[in-house]
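Throughout, read-outs are computed from the coordinates displayed, never taken from laboratory work. Only a predicted model underlies this, so the values are computations on that prediction, with no experimental measurement involved.
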Amino acid sequence: MELAYLNGWLGSLEDAVVSVNDRGYNFGDGIYEVVRAYRGVMFALEEHLERLAMSAAVVEIDLPWGRAELQEITAGVLAESGIKDATVYIQVTRGTAPRDHLSGADMRPNLLVTVRHITEIDPVLYSEGIKAITMPEFRWQLCHVKSISLQASVLAKRRASRAGAVEAIFILPDGTVTEGASSNVFIVKDGVLMTHPADNRILPGVLRHFVLKVAETLNTAVKVQPYNILELKKADEVFITGTVAEIVPVINVDGKTIGNGRPGPVTAGLHKGYSALRKR
Ligand SMILES: Cc1ncc(COP(=O)(O)O)c(C=O)c1O
């Protein structure tokens, strides 16, 4: 059964309620993680909790829970749900207080954990690849924070959807490709894998981290450096990464066919390598 845990309360998702004074509700003042569970076990929970701590530090939220406690709470909710293939959502908001930009010092953060069935991913995404659009980067300067303030990403996804695409890829004024609205972006050119460095312009994706690890074991040449929109469109292969869908080939960007218009061998090899690593 899909469950929600809220500050110690545990019950069905539908029954979980937060105050209208929750700062996440009023200001988008919070951070989150999405962890995927396979066969009842969360994958890379440590990496996700480490990133949660990093996000909290950057946005100046003092987490009152230690790593072990968060691990115990999330694992407990997952076990209680009985769901084997799940998305575990962890959200921390600054707390609850009457709406005021400056919050009181004594505020305790709110912790929400939800466990849901994984939304079925259409296998055609992997076998045929997806279309993406590009659009000017219009988010903030702290994209390494996994913030719940996601209005820019929502607008980008809506624009992509209207164009018949699945993802929107952000481009800086100088042409540099940063990342997708909810994914990291990789290109392959002449056998070399490229992705934007993990700085304030992108979320340091957990899947991104594992793709780079797998590339190393496969002896794939890797350049973690900025590349531009022209290189994106002239790439032999393009793919996006994220915890839920893992690795998804991109076969068209802004109407331009990528490579031969089919998911490429490097992308497939990395996904196979990732699946093997995950099952170890
Ligand atoms: C902006 C952004 N970049 C990258 C990612 C991929 O991160 P991860 O691989 O940790 O899921 C996400 C995931 O939601 C995201 O929202």
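Could you give the alpha-carbon Rg of the chain over 2.2 N^0.38 Å, rounded to two decimals? Walk me through the intermediate numbers first.
On the way: Rg = 19.2 Å, N = 280, 2.2 N^0.38 = 18.7 Å.
Dividing the Cα Rg of the chain by 2.2 N^0.38 Å gives 1.03.
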Taking the alpha-carbon centroid of each part, what is the distance from the range 26-58 to the range 232-280 in angstrom? 24 Å
Which whole-percent values make up P(r) of the range 1-40 when all C-alpha to C-alpha distances are grouped in 5 Å steps starting at zero? 6, 17, 19, 27, 20, 7, 4, 1
In degrees between 0 and 90, to the nearest 10, how far off the longest principal axis of the chain does helix 206-217 point, with axes built from Cα atoms? 40 degrees
Would you kindly derive the ³J(HN,Hα) couplings of the range 139-149 from the backbone phi angles with the Karplus curve 6.51 cos²θ - 1.76 cosθ + 1.60 (θ = phi - 60°), listing them in order in whole Hz, with x for Gly and Pro? 8, 8, 8, 10, 5, 6, 8, 8, 8, 7, 6
Residue-ordered couplings for the range 150-167, obtained by feeding phi - 60° into the Karplus form 6.51 cos²θ - 1.76 cosθ + 1.60 and rounding to whole Hz (Gly and Pro as x), are 10, 4, 4, 5, 4, 5, 5, 5, 5, 5, 4, 4, 4, 8, x, 10, 9, 10
For the chain, calculated [θ]222 nm from helices alone, where every DSSP H run of n ≥ 4 adds -39500 (n - 2.57): -9000 deg cm²/dmol
Please list, in order along the range 178-193, the HN-Hα scalar couplings obtained from phi with the Karplus expression 6.51 cos²θ - 1.76 cosθ + 1.60 (θ = phi - 60°), rounded to whole Hz, x for Gly and Pro. 9, 7, x, 4, 9, 7, 8, 10, 10, 10, 10, 9, 6, x, 9, 8
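Given Lys157/Lys256; Lys234/Lys279; Lys213/Lys272; Lys146/Lys213, which pairs have Cα atoms separated by over 24 Å? Please list the in-between numbers first.
Numbers: Lys157/Lys256 19 Å; Lys234/Lys279 34 Å; Lys213/Lys272 13 Å; Lys146/Lys213 22 Å.
Going by Cα-Cα distance, Lys234/Lys279 fall outside the 24 Å limit.
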The chain - percent relative contact order, Cα under 8 Å, separation 6 or more: 18 percent
Cα to Cα, under 17 Å, and not fewer than 8 places away if on the same chain: which aspartates and glutamates meet these conditions relative to Lys131? Asp122, Glu167, Glu179, Glu231, Asp236, Glu237, Glu246, Asp254
Relative to the longest principal Cα axis of the chain, at what angle does helix 67-81 sit, 0 to 90 degrees, rounded to 10? 90 degrees
Can you tell me the orientation of helix 265-279 relative to the chain, as the angle in degrees between its alpha-carbon axis and the longest Cα principal axis, to the nearest 10? 30 degrees
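Which whole number in µm²/s is D for the range 124-279 by Stokes-Einstein, with the Kirkwood Rh taken over Cα pairs at 20 °C and 1.002 mPa s? Before the final figure, lay out the partial values.
Details: Rh = 15.3 Å.
Estimated via Stokes-Einstein, D reaches 140 µm²/s.
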Over 5 Å intervals from 0, what percent of Cα-Cα pairs in the range 3-117 sits in each interval? 2, 12, 23, 24, 19, 13, 6, 2, 0
